[in-house]
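Novice: Below: one structure in structure tokens.
The values are calculated or read from the model by the stated rules, or taken from the named source; none is laboratory data. Please read all numbers here as calculations on a predicted model, not as lab measurements. Please note: Cβ atoms are built from the backbone with ideal geometry, for glycine as well, and neighbour counts cover all protein chains shown. For the accessible areas, the whole protein counts, side chains as well, though only heavy atoms, and no ligand, DNA or RNA atoms are used. Shrake-Rupley method; radii C 1.70, N 1.55, O 1.52, S 1.80 Å.
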Amino acid sequence: MKVAFPRLGFVAFAMAALLAGCGDNQQAQQAPPSPPVTVALPTKKTITDYDEYVGRFTAVDLIQVYARVSGYLDKIGFIDGQIVKQNDLLFTIDKRPFQVALEQAQANLARSQADLDFAISDLQRAQTLLQDKTSTAISKQTFDQRQQVERSARAQVAANDAAVRAAQLDLEFTELRSPVNGRIGDRRVAVGNLVTGGQGGTNTNTLLATVVSIDPIYFEFTFDEASYIRYQRMTNKRDRVAGGPGDPIPVQLELIDETGFPHQGTMDFIDNVIQESTGTIRGRAKFANPTAQFTPGMFGRIRVPSSDPHEAILVPDVAIGTEQTRKFVYVMAPGSDPQAPQMKYVTLGRVVDGLRVITTGITGEDRVVVNGLVRIRPGAKVVAQEEQAKPPAGTPPAGAAAKPAAAN
């Protein structure tokens, strides 16, 4: 006996399979839209290229104050670390021995002057007698002896006069004054100590203090031979254009806790020898320092112009991608149709006003992807949207209600 199975289950299965097939076709036909990215033309701006170096401040004048005469230190006329003016009294050595020595030298000068006056009178009398042909009161030998006495007395006066001036100098050297305007360090010797002076030099003389000038101040740094050649050619070109020596090269400087190089100065000196061991040469710039902000020995970073002003291409840093050691940007052709961005390798420069200088790789007419780099996949297409210009500062956003005017 045969049993007949209902065919309703088979029909339902076939209908379900057919509907599923139609859904797959619809999904295949409705592909996801291309993601949007923002593009913009590079910014063009006239800039100057710079090189940056680290260096130290040095004083224009650095004077070590040594004792010039020997004696006991009597007075100190400053507070450690204070600002001193030129000719301010710094140290006083006991003057009494030098005052006595001066008076003694003056007395010796007076005695020798009296001897000279007598010798001159005696010589004049002898000359009168010698000229009298009828008199034999004096011989030629006696006259010559009186001439010799007069010359010896005159030499003694000169020697004693020099001794007086030397004693006066020693008395003046008991007062040590500041040779320049600047800041003095700490005292090296206390009052009451014996200090050594004289002509022995710094090996034997006592160092009392050190004074450094403050305003202006030097900044010294070193740079390589290639940079020196580039600076020299740029300077020679500038001098030819000016018809003679041009203005000093302007430089900028920042301290270790500053940004933006806020301090302005000028190049002051470049050494005349490149060091063979390092291949570098020493440069020096001068900066005004009226508030004593800079101190000798302080570190800083200096920026020196390495080119004449020229037009450069700049893009935001967010538009730059990295492929191992190379940098690149994506550019797109004009139009809003979906397209695959083109990768271009670029060479980067410094940052100017928040934008990165591109030295090679793109032109000013390339539409650079500046937003949406994470949406770009190899071979995939994206839609370019032009970057909207930013409204001026203070402009209210679109749709915002205007603020009512204040009542008078």
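Novice: Say a paramagnetic label sat at a point 7 Å from the Cα of Glu52, along Cα to Cβ; which residues of segment 295-316 have their backbone N under 15 Å from it?
Specialist: Hits in segment 295-316 for Glu52 at 15 Å: 300-306.
Novice: What is the extension gain from Asp271 to Gln86, computed as 0.36 nm multiplied by their sequence separation minus the C-alpha to C-alpha distance, in nm to one decimal? Kindly include the intermediate steps, with their values, before the conclusion.
Specialist: Details: separation 185, 0.36 × 185 = 66.60 nm, distance 2.97 nm.
Difference between extended and current length: 63.6 nm.
Novice: Here is a follow-up. So if I take the alpha carbon set of segment 63-159, get Rg, then get Rh from the Kirkwood formula, what is the Rg over Rh ratio? Walk me through the numbers before you get to the answer.
Specialist: Details: Rg = 25.2 Å, Rh = 18.1 Å.
My calculation of the ratio gives 1.40.
Novice: Can you tell me the accessible area per residue over segment 184-328, all protein chains present, probe 1.4 angstrom, in square angstrom?
Specialist: Working: 8290 Å² over 145 residues.
Result: 57 Å² of accessible area for each residue.
Novice: Of the heavy-atom accessible surface of segment 76-221 (probe 1.4 angstrom), what whole percent is carbon and sulfur?
Specialist: Numbers: 4310 of 8640 Å².
Carbon plus sulfur share of accessible area: 50 percent.
Novice: Can I ask one more? How much length is gained on full extension from Asn236 to Thr363, taking 0.36 nm per residue of separation minus their Cα-Cα distance?
Specialist: On the way: separation 127, 0.36 × 127 = 45.72 nm, distance 3.09 nm.
Answer, rounded to one decimal: 42.6 nm.
Novice: Distances over 11 Å make up what percent of all Cα-Cα pairs in segment 283-325? Numbers along the way, then the final one.
Specialist: On the way: 748 of 903 pairs.
Pairs farther apart than 11 Å: 83 percent.
Novice: Residue by residue, what Karplus-based ³J(HN,Hα) values in Hz, rounded to whole numbers, does segment 207-218 have, using 6.51, -1.76 and 1.60 with θ = phi - 60° and x for Gly and Pro?
Specialist: Result, ordered by residue: 7, 9, 6, 10, 10, 10, 6, 10, 10, x, 9, 8 Hz.
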